[in-house]
Structure formats: C-alpha cells, structure tokens
1. Check Ile140: other-chain or 5+ apart residues with amide H under 5 Å from its amide H, H built from backbone geometry?
2. Give, rounded to the nearest 20 debye, the magnitude of the charge dipole that the range 24-147 has about its Cα centre when Lys and Arg contribute +1 at Cβ and Asp and Glu contribute -1 at Cβ.
3. Testing the spin-label approximation: label points 7 Å from Cα along Cα→Cβ at Asp87 and Ala13. State their distance in nm.
4. Sum up the charges of everything whose Cβ sits under 13 Å from the Cβ of Ala116, counting Lys and Arg as +1 and Asp and Glu as -1, but leave Ala116 out.
5. When the Cα atoms of the chain are enclosed in a convex hull and the volume is divided per residue, what value in Å³ results?
6. Work out the charge dipole of the chain with +1 on the Cβ of Lys and Arg and -1 on the Cβ of Asp and Glu about the Cα centre, then indicate which of Ile140, Leu75, Ile86 is farthest towards its positive end.
7. Among Ala130, Leu43, Gln24, which residue has its Cα positioned farthest towards the positive end of the charge dipole of the chain, with +1 placed on the Cβ of Lys and Arg, -1 on the Cβ of Asp and Glu, and the dipole taken about the Cα centre?
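FYI, it's all coordinate maths here, none of it is from the lab. Since the structure is predicted, the reported quantities are computational estimates derived from the model, not experimental observations. Cβ: placed from backbone, ideal geometry, glycine included. Neighbour counts: every protein chain shown.
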Amino acid sequence: MNKLTHTDNKGKAIMIDVGDKANQVRIAKASGHITLAPETIILIKDNLLKKGDVLTVSQLAGISAAKKTSDLIPLCHNIVLDNVRIDTVVDKTGVKFASEVRCYGKTGVEMEALTAVSVALLTVYDMCKAVDKNMIIDNISLTEKIKK
C-alpha cells in the first residue's frame, strides 16, 4: 500500500508542496446521480417547481462550487480553473450530472470535478425536497483524469 500523500513522516496532515512541479494541462471528469420520484422528474422536465429551473440552477451551483473547492476542503490548493462544464441528463430514474474541469497548473482538478457534481446534486435535492421525500444521491465518482 502506498503512503498517503497528505501526511508528513509523523502522520500529521500537511498540504503538498507543488512549487517544483511543472505546469501541465489537467482535466478531471466526474459524475453522479440523484434518484427521484417519477412525478418529480416530470416537474423538472416541465420546469414547474416553485423554486425555478432546477437543471440550470444546479449546473450554475456546480460551477460555482468547483471554483470554491479549496475553501471547502482544507488541503486542496487554490487552482485557477480554465473551464468547468456540467452536463445534465434526465433519465427515467432521475438526473445524472457529469462534470469536466480543466486547468493549466501544477496539480490536478479531481476534487473540483467531484465537488461540482456533488453540489449540483445537492442543489437538485434542495430544490425538490418539498415535493419528493425519498430522493437518493448516489454513484458520485471520478470517471477520468488526464494530464498532458
């Protein structure tokens, strides 16, 4: 088993020094799903929820969250992001979000991609909680990591 990267030789939490690393194009993709009642899916598709356009608000929340990841996760570096994209698919069981985050930097953007998807899903939950008491957020995962 490999050593954890965010600990020193005494096992204490540390932030990784990336100062000597070369800048590279870094891309991370993540996805996640929220299971919804069939009636809730109809309300989302027809844009009939009182809180507004669930899909657009959730996408914007995810983009905003990606940009604030280092504020939420203590050992993440503050990264200048070149692009954050969040795609949405409404299926027969709910909504799936897929994020792609890009930067040119010294460290990867996996946490930003995962944060984007997580907050997008939480935003759906928040906007639909008045009409759906059985939502389930699941399958949040990193789907791809590229370094060039």
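1. Sorted by chain and number, the residues that satisfy this are His33.
2. With Lys and Arg at +1 and Asp and Glu at -1, about 240 debye.
3. Between Asp87 and Ala13, the simple spin-label model gives 3.5 nm.
4. +1
5. Looking at the chain, the number lands at 132 Å³ per residue.
6. Of Ile140, Leu75, Ile86, it is Leu75.
7. Checking the options against the dipole of the chain, the answer is Gln24.
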